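The block underneath contains the structure these notes are about, expressed in structure tokens.
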Amino acid sequence: MSKPRIIEFSKIGNPGLGYISVAENENLPFKVNRIYWTYFTPEDVARGGHAHYQLQQILLAVAGKIIIKTEMLNGDKSEFILDKPNMGLFIPKMCWREMQYTHNAVQVCIASIAYEERDYIRDYQEFKKHS
Ligand code: T46
């Protein structure tokens with residue numbers, strides 16, 4: 001079973017010039033289908049609270065900071081802090097997640113498949129039934 005893990009993207013540049021980081025299919029654990037981003041999330045709002053049957057993702061905080069708590073069906077729990085634009089978090093399918101954002105956080109999500117509400121499990125008890 002795949003586990004959530006940090007992916008470090010290379011940084012091209014230097015402090016005097018600034019940096020470029022690149023995500024390419026060749027270097028990712030899945031083929032990219034779409035990219036979307038979330039922003040202006042109030043600090044007191046916890047987002048997530050769901051798992052996906054099939055969707056695999058890489059989340060990036062291209063600005064600000066995101067705290068992500070994950071839980072796998074075998075009970076493995078982790079907490080990740082994204083606060084560097086070249087650090088991504090791979091989230092496999094069937095992984096429960098909850099996220100908190102600083103107000104300036106911009107979350108980019110690199111996704112493996114199209115958006116489909118049927119792909120979500122939004123009820124925690126329902127998620128645990130799959131273990
Ligand atoms: C994720 C975490 C890390 C759409 O209408 N179209 C879309 O393409 C998407 C992604 C969402 N929506 C709707 C569905 C919900 O009514 O927008 C609403 C919020 O979406 P979601 O519940 O997915 O939002 P988050 O912030 O809890 O989750 C987001 C990603 O959407 C999700 O895939 O895993 O960040």
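Name the strands (runs of 3 or more DSSP E) wholly inside the range 1-86 in which the number of residues that are within 16 Å of the ligand (Cβ to nearest atom) and either open to solvent by 30 Å² or more (accessible area, probe 1.4 Å) or in contact with a Pro (Cβ under 7 Å, 6 or more places away or on another chain) (or both) is 2 or more. Before you say what the answer is, go through the steps one by one.
Details: elements: 5-8, 12-14, 18-20, 34-39, 46-52, 57-63, 66-72, 77-82.
Ranges flagged: 5-8, 34-39, 46-52, 57-63, 66-72, 77-82.
Scanning the range 119-131 for residues that are touching a residue at least 24 places away in the same chain (Cβ under 8 Å) and more than 8 Å from the ligand (Cβ to nearest atom), which turns out nearest to Ala51 (Cα to Cα)? First the steps, then the outcome.
Of all residues in the range 119-131, those touching a residue at least 24 places away in the same chain (Cβ under 8 Å) come to 119-122, 124, 127-128, 130-131.
Those left that are additionally more than 8 Å from the ligand (Cβ to nearest atom): 119, 121, 124, 127-128, 130-131.
Values: Asp119: 8, Ile121: 5, Tyr124: 9, Phe127: 7, Lys128: 10, His130: 11, Ser131: 13 Å.
Within the range 119-131, the match that is nearest to Ala51 (Cα to Cα) is Ile121.
Hey, any hits in the range 83-100 for a residue that's among the hydrophobic types (A, V, I, L, M, F, W, C) and at pLDDT below 95? Lay out the reasoning, then the answer.
Here is the first cut: in the range 83-100, the residues among the hydrophobic types (A, V, I, L, M, F, W, C) are 87, 89-91, 94-96, 99.
In the following step, the residues that additionally are at pLDDT below 95 were identified as none.
No: the range 83-100 contains no residue that is among the hydrophobic types (A, V, I, L, M, F, W, C) and at pLDDT below 95.
Quickly run through the range 94-118 and pick out the residues that are in a loop (DSSP other than H, G, I, E, B) and more than 11 Å from the ligand (Cβ to nearest atom). So that I can check it myself, show each step before the final result.
So in the range 94-118, the residues in a loop (DSSP other than H, G, I, E, B) come out as 94, 102-105, 112-116.
Within the range 94-118, Met94, Thr102, His103, Asn104, Ala105 qualify.
Among the residues of the range 15-33, what is the count of those that are hydroxyl-bearing (Ser, Thr, Tyr) and without any contact (Cβ under 8 Å) to a residue 24 or more places away in the chain? So that I can check it myself, show each step before the final result.
We begin by selecting, within the range 15-33, every residue hydroxyl-bearing (Ser, Thr, Tyr); these are 19, 21.
The next check asks that each one be without any contact (Cβ under 8 Å) to a residue 24 or more places away in the chain; those that pass are none.
Result for the range 15-33: 0.
Of all residues in the range 35-66, count the ones that are within 21 Å of Val22 (Cα to Cα) and either in contact with a His (Cβ under 6 Å, 6 or more places away or on another chain) or of a type in the set (Phe, Trp, Tyr) (or both). Lay out the reasoning, then the answer.
Here is the first cut: in the range 35-66, the ones within 21 Å of Val22 (Cα to Cα) are 35-39, 56-66.
Those left that are additionally either in contact with a His (Cβ under 6 Å, 6 or more places away or on another chain) or of a type in the set (Phe, Trp, Tyr) (or both): 36-37, 39.
Summing the residues that are within 21 Å of Val22 (Cα to Cα) and either in contact with a His (Cβ under 6 Å, 6 or more places away or on another chain) or of a type in the set (Phe, Trp, Tyr) (or both) in the range 35-66 gives 3.
Which one of these is in contact with a strand residue (DSSP E or B) (Cβ under 6 Å, 6 or more places away or on another chain), in contact (Cβ under 8 Å) with a residue 12 or more places away in the chain and more than 25 Å from Lys129 (Cα to Cα): Ile12, Ile66? Working first, answer last.
Working: Ile12 fails: in contact (Cβ under 8 Å) with a residue 12 or more places away in the chain.
The match here is Ile66.
The values are calculated or read from the model by the stated rules, or taken from the named source; none is laboratory data. Computed from a predicted structure; not experimentally measured. Reconstructed Cβ throughout: ideal geometry from the backbone, glycine too, with neighbour counts over all protein chains shown. Accessible surface areas use protein heavy atoms only, side chains included; no ligands, DNA or RNA. Shrake-Rupley method; radii C 1.70, N 1.55, O 1.52, S 1.80 Å.
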